[in-house]
Amino acid sequence: MKQEVGRKVKAARLQRGLTQAGLAEAIDKAFETISNIERGKTAPNFSTLVDISRVLEVPMKDFFDFGEEDQSDERRDLLTKLNTMIVQMDDATLKQFLKLGDVLSEEQ
């Protein structure tokens, strides 16, 4: 469970374009605290998770939604990277990306 919560914290942080150090500063914690949470080494206490939720604008319940249990770690990591990349695209690039996705989907 610690690893799943950590993955979700990392994904939300990346979507917001924050570094681990930036998130740590925003919640008045050490950089190592965020690193350990994201790597699943430690679980955040309730107060820390509330602060993370507030800063990242993610409902607390989202950190505990483990509906992706049938996905491999590799697939979850790929989806996290893809989501991070998409969030950073401007509208024109996103439209091109969607067209490319349509072409790739047709080939399957």
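Pairs are defined by a Cβ separation below 8 Å, a sequence spacing of at least 6 or placement on different chains, a first member in segment 16-32 that is among the hydrophobic types (A, V, I, L, M, F, W, C), and a second member that is assigned to a loop (DSSP other than H, G, I, E, B); the pairs so defined are Ala24/Ala30; Ala26/Leu18.
Residue-level check: of (1) modelled with pLDDT under 90; (2) exposed (fewer than 13 other Cβ atoms within 10 Å of the Cβ); (3) part of a helix (DSSP H, G or I), Gly67 misses just (3). Among the conditions (1) over 12 Å from the mean Cα position of the chain (by Cα); (2) touching a residue at least 60 places away in the same chain (Cβ under 8 Å), the only one that Ala11 does not satisfy is (1).
Could you please find all residues in segment 27-51 being part of a helix (DSSP H, G or I) and touching a Lys or Arg at 6+ places or on another chain (Cβ under 9 Å)? Correct list: Ile34, Ser35, Ile37, Glu38, Thr48, Asp51. Would you check which residues across segment 1-30 are aliphatic (A, V, I, L, M), touching a Phe, Trp or Tyr at 6+ places or on another chain (Cβ under 7 Å) and more than 13 Å from Pro44 (Cα to Cα) and list them? Across segment 1-30, the qualifying residue is only Ala21.
When segment 3-29 is filtered for residues that are farther than 22 Å from Ser72 by Cβ, out of contact with any helix residue (DSSP H, G or I) (no Cβ under 6 Å at 6 or more places or on another chain) and not β-branched (Val, Ile, Thr), the ones remaining, listed by number, are Gly17, Leu18, Gly22, Glu25, Asp28, Lys29. Selection of segment 52-61 for residues being in a helix (DSSP H, G or I) and either within 14 Å of Ala30 (Cβ to Cβ) or β-branched (Val, Ile, Thr) (or both) yields Ile52, Val55. Of all the listed residues (Ala21, Ala26, Ala11, Ala30), the sole one being of a type in the set (A, V, I, L, M, F, W, C) and either touching a His at 6+ places or on another chain (Cβ under 9 Å) or over 30 Å from Met89 (Cβ atoms) (or both) is Ala30. Among the residues of segment 50-60, those identified as under 14 Å from the mean Cα position of the chain (by Cα) and either crowded, with 16+ Cβ neighbours inside 10 Å or among the basic types (Lys, Arg) (or both) are Ile52, Ser53, Val55, Leu56, Val58.
The values are calculated or read from the model by the stated rules, or taken from the named source; none is laboratory data. Given the structure is predicted, the values throughout are model-derived calculations rather than measurements. Because the Cβ atoms are built from the backbone with ideal geometry, glycine has one as well, and the counts that use them run over all protein chains shown.
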